[in-house]
1. What part of the accessible area of the stretch 254-344, given as a whole %, is carbon or sulfur when the probe is 1.4 angstrom?
2. Can you work out the accessible area per residue across the stretch 233-278, with the rest of the protein chains kept in place, probe 1.4 Å, in square angstrom?
3. Whenever you get a sec, compute what percent of the accessible area on the stretch 446-510 sits on carbon and sulfur atoms (1.4 Å probe).
4. Around residue 745, what is the net charge, scoring Lys/Arg as +1 and Asp/Glu as -1 over all other residues with Cβ under 14 Å from its Cβ?
5. For the stretch 19-106, what does the accessible surface come to per residue with a 1.4 Å probe? Please give it in Å².
6. Rounded to the nearest 10 Å², what accessible area does residue 735 show when all protein chains are kept and the probe is 1.4 Å?
7. Kindly report the accessible area of the stretch 679-733 per residue (heavy atoms of protein chains, probe 1.4 Å, no ligands, DNA or RNA), in Å².
8. If 748, 659 are ordered by their accessible area, calculated over protein heavy atoms with a 1.4 Å probe, which sequence runs from highest to lowest?
Amino acid sequence: MMSEKNKREQDLLLMKDELMIQKEFEALMGEYLSSNHRRKVERITKAFNFAKQAHAGVKRRDGDPYIMHPIAVARIVCGEMGLGSTSICAALLHDVVEDTEYEVKDIANMFNDKIAQLVDGLTKISGDIFADKDSKQAENFRKLLLTMSSDIRVILIKMADRLHNMRTLGAMRTDKQFKIAGETMFIYAPLAHRLGLFAIKSELEDLSFKYEHPEDFRTINEKLKNTEESRQRLFDNFARPVHQRLQELDLTYEMKARVKSAYSIWNKMNTKSVPFEDIYDIFAIRIIFRPTGDVDEKNLCWDIYAAITDIYRTRPDRLRDWVSRPKANGYQALHLTVMGPDGQWIEIQIRSKRMDEIDEKGFAAHWKYKENNVEEDTELDKWLQTITEILENPNPNTLDFLDTIKMNLFSSEIFVFTPKGELKTLPKGATALDFAYDLHTNIGDTCIGAKINHHLAPLSHKLESGDQVEILTSKSQHPNIEWLNYVTTAKARTKIESVLRRERKEMANAGKKKVMDAFGKTSLEPTQSYLDKLTTFFGFSRREDFYYAVEKGDVAIPENIRKLLKEKNGNVILKYVKKAFGVGKKKPLIITSPALSPEKPQFDRTRPYELREEAFRRNYVVASCCKPIPGDDVFGFINDDNSVIVHKRSCPLGIRLKSNFGERILSTTWSNHTSSSFEATLHVTGIDGVGVLTDIARTISSFNVNIIRLIVETKDGVFEGKINMMVHDVEDIQKMCIALSKIKNIQSVSRIAD
């Protein structure tokens, strides 16, 4: 029996939870009522009560009642995306079908078919996009994209769900944090970018960064806070004369400073190998105006541009006109960079209120304005159409399929013209063959070359903005496997792979017929056992590959296959088994009896896996792709042989592993490494002078490290060098960087990936 005291405490806790739930729901309704959407309060309240009852008694990992999560998702959908009552209801109900006994038909009966369809779409892609098995990963990702192309609100609500999960990620285990953060960086942030959700994309990146590189995250934010006062002075000095000039234009506008996100700063520091202090575009100034009457938005952008350039000197190479030609995610603005009154370059973004809302709220605002006939179809519509085309013939290999989709998510754009002057948008790096497939699949399949600006060019020719492209075709032409090396767009790659798979299947069927004919000349039945034995004998692991090789002529079927199939010499068969599984190429073939197999080591996921060295041996393997050293932010990946491969958390391959094989991820911690040495590379720049190289070599040797390679190049009085060495840990590198930076004439020292 529960004591009176315990009962009072439980009642008090329930009352506290109830007050918290009610307060959060009232905040949601306040945001909804302050929007421009039609007032459908009763329907939202009904969805809230239904979800609250369905999730009653269930708690989240952080201890809050579960209903707090759907309410938070609904608040993001309403307040940060600007969606209406249908999406808000679907957000409140998005976990009901998956986590309770209610079904989609119950949602349809209680609400309407549209809400039920959204909940159904969200249920199908619930949980992790990337599950444990490759086939399931690809299938879930296809579902995500299919629902996105049929009703974009599904992916917007899913994005809100992911954003709230990232905001509450602190309650998860460390290895789970790495897995979820990696998945977020790999798929959700690029999707948010493509859908124009700039604010959400930035927050997803920052939150992933916070959990993967906590020290760097804290350091950059501290530096941003310390430099806030100087940025404000810079803004005030810049804005004073601009305000005066814009008021003369009789404009309704606001001017504000936008600070670059911590992740963007860190990414630029690593990409450019420069310190925080050398990032000059940490903040930009945004001018947002409201056009009055019939005044054209584009003209107003250029009027403001003219007013600013009358005051400050502009930098022509930094002018970006995304007003006349929006980005593929719908982004519109006019960017310019000017020399401010304090002698610093300042980036300015000029946009209308409509453009600003599309930038902040992405697709939701895009559709709102589209319904009001403010703009016609944009690149977003075309991208959705491309997604639909890719899904018609998806690559069965999971990682290849994901890369094909992701290929165009973050790409920069170029603009090229058809012979008739029609403008086409393609990703940067696109080739003539990509352009052919962008025009039409049949044109791509029969492309033999192109005329770029009236000059003949091959299929592999990379296009540049402003090119005029005419595609040359021939009926006798058809895709071949080399074409995959010539394309960069998801659409072109998918179409080529589809043709190649179809041709391979047709050839395999023809080869299969030849094998069956060979069986027909004997009294043997073509049983599965015989077919598998024949496939293995000729060095193949899959029958389809064997049939394909027969049709190609790579394999000759003997006249009498009876003798071959009745072969009892195990060594002959073993020879071909070894060939089939690649012995001597990548790894040895190990055949063990399950009963005799050694027991696999167990990993305690409740605590970090300690990376140790014992008697010059390590209990881990350093990944060759990113070469981490003790002190780096790393994670462990459990390989097929149960060894732990250590990757940097920022490693591109590591991000793929975290997002695709979450169950194999380990959080790790470094032990002291006093015996082992690790490879590291420093990048040094400075003013050339007598004795500089000697000073560098003397400084490095004072740290008792082994220099593997030292390459220095000088040009016009400036030198740049790479120093490859063996060190014990990150502390060695940091001390060396400080010592080298004190040498006269040295401008910068940084660690880089070799």
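1. Values: 2000 of 4430 Å².
Its accessible area is 45 percent carbon and sulfur atoms.
2. On the way: 2740 Å² over 46 residues.
Solvent-accessible surface per residue comes out at 60 Å².
3. Details: 1850 of 3700 Å².
Summing carbon and sulfur atoms, their accessible area is 50 percent of the total for the stretch 446-510.
4. Working: positive: 742, 744; negative: 688, 695, 720.
So the environment of residue 745 carries a net charge of -1.
5. Details: 4100 Å² over 88 residues.
Accessible area per residue: 47 Å².
6. Per-residue accessible area (residue 735): approximately 100 Å².
7. On the way: 3040 Å² over 55 residues.
So the stretch 679-733 comes to 55 Å² accessible per residue, rounded to a whole number.
8. On the way: 748 30, 659 0 Å².
Result of the area sort, largest leading: 748, 659.
The values are calculated or read from the model by the stated rules, or taken from the named source; none is laboratory data. It should be emphasised that the depicted structure is a prediction, and the values quoted were computed from it without experimental measurement. Don't worry about glycine lacking a Cβ; one is built from the backbone with ideal geometry, like all the others, and counts go over all protein chains shown. When the accessible area is computed, the model is the full protein with side chains, heavy atoms only, and any ligands, DNA or RNA have been set aside. Shrake-Rupley method; radii C 1.70, N 1.55, O 1.52, S 1.80 Å.
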